[in-house]
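Every number in this text was worked out from the coordinates using simple rules, so none of it is lab data. These figures come from a predicted structure and were not determined experimentally. Cβ placement follows ideal geometry from the backbone for every residue including glycine, while neighbour counts extend to all protein chains displayed.
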Amino acid sequence: MSSVLYDTPGPRAKRRNLLYSALFLVLLAAGVWWALSMMAEKNQLTAEKWSPFVTDSAIWTTFLFPGLGETLKAAGLALVIALPLGALLGIGRLSDHAWVRVPIGAVVEFFRAIPVLVMMVFASAMFVQFTTIESEVRPLYAVVTGLVLYNASVIAEIVRAGILSLPAGQTDAAKAIGMRKGQTMRYVLLPQAVTAMLPALVSQLVVIVKDTALGGAVLGFSELLFQIRSITANYGANTIAAFTVVALMYIAVNGLLTRFAGWLERRLRQGGKSSGATVDITDIDTELGGGVAEEVAVRKGHGTGT
């Protein structure tokens, strides 16, 4: 059994793959053993380095949970702003008018090309020079600004690619029943493109959550990873343990996001099985001046021979 991209391996290839897999597992086990040995020599595996995370609840309530809250706050604000802004930019890049399409394309490409860390630092400097935002919340503003500018441009490309991935017949069918371009985008193209865009959007959300750590490293934003400094200062040199716990928290959060996205994608696909395009013609009949539902019924009747 084979496909265009993959040929089923024969007996020799299977044996070779098993050998490679076994060799990889041996090397992986050796690497883990070496890392644990080095940690043991530096007394990083002793109980006192890890016990605060089990025996002292203050380390969670004072450092880890507040840091996680700041991370989720920054990521949530950035997503709430970047998602609609990116959608508007993506739709703008598909405009038939060059005076709309070209400037928006330049803006998107500009902010995609700049590292998000540079935009955070620049935003922080701008807030210092031209605003009266208090220093306590200024890092949050700078982090959110950098994340919004970068991720809105990336989301714009995701939206544009999702819409362009739809069959051209969807637009033609909408034009055939008298829809204007804005109505076609709103009622026909975007609802169907959401399912295609969802995996990429969730991947970008994971990137947003992780990129909040840049604000902690440079701007002193008290997000989750930034709390490691306070933990090591108050509980001794348990850096490895702190990094391990924080990494597990990031994995848990991003894993929940991925599982939620998978559930949402399945619901969207199941909801679109019966009707194909997720458009309710009665909702837009009045916007088109009436008679659309009757026209669609007539077209369906001719198609079925009635």
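Summary table below
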{"quantity": "Ranking of Tyr250, Tyr20 by count of other Cβ atoms within 10 Å, fewest first", "calculated": "Tyr20, Tyr250"}
{"quantity": "Mean ellipticity per residue at 222 nm, deg cm²/dmol - from DSSP H runs of n ≥ 4 across the chain, formula -39500 (n - 2.57)", "calculated": "-24500 deg cm²/dmol"}
{"quantity": "Karplus 3J(HN,Hα) series, Hz, for segment 105-121 with 6.51 cos²θ - 1.76 cosθ + 1.60 (x for Gly, Pro)", "calculated": "x, 5, 5, 4, 5, 5, 6, 5, 7, 8, x, 5, 5, 4, 5, 5, 5"}
{"quantity": "Two-decimal Rg to Rh for segment 57-304 - Kirkwood Rh, Cα set", "calculated": "1.10"}
{"quantity": "For segment 192-232, convex hull volume per residue from C-alpha positions, Å³", "calculated": "64"}
{"quantity": "Ranked list, fewest to most other Cβ atoms within 10 Å of each Cβ, for Ser51, Ser135, Ser222", "calculated": "Ser135, Ser51, Ser222"}
{"quantity": "25 °C / 0.890 mPa s Stokes-Einstein diffusion coefficient of segment 30-80, Kirkwood radius on C-alpha pairs, µm²/s", "calculated": "180"}
{"quantity": "Label-point separation in nm, Glu48 to Arg15, each point 7 Å along Cα→Cβ", "calculated": "5.6"}
{"quantity": "Relative contact order for the chain, counting Cα pairs under 8 Å that sit 6 or more residues apart, in percent", "calculated": "22"}
{"quantity": "Segment 44-198 - convex hull of the alpha-carbon atoms, volume per residue in Å³", "calculated": "183"}
{"quantity": "Segment 200-229-segment 44-120 distance, computed between alpha-carbon centres (Å)", "calculated": "7"}
{"quantity": "Where a label projected 7 Å from the Cα of Thr244 along Cα→Cβ would reach, residues of segment 51-67 with amide N under 16 Å", "calculated": "51-56"}
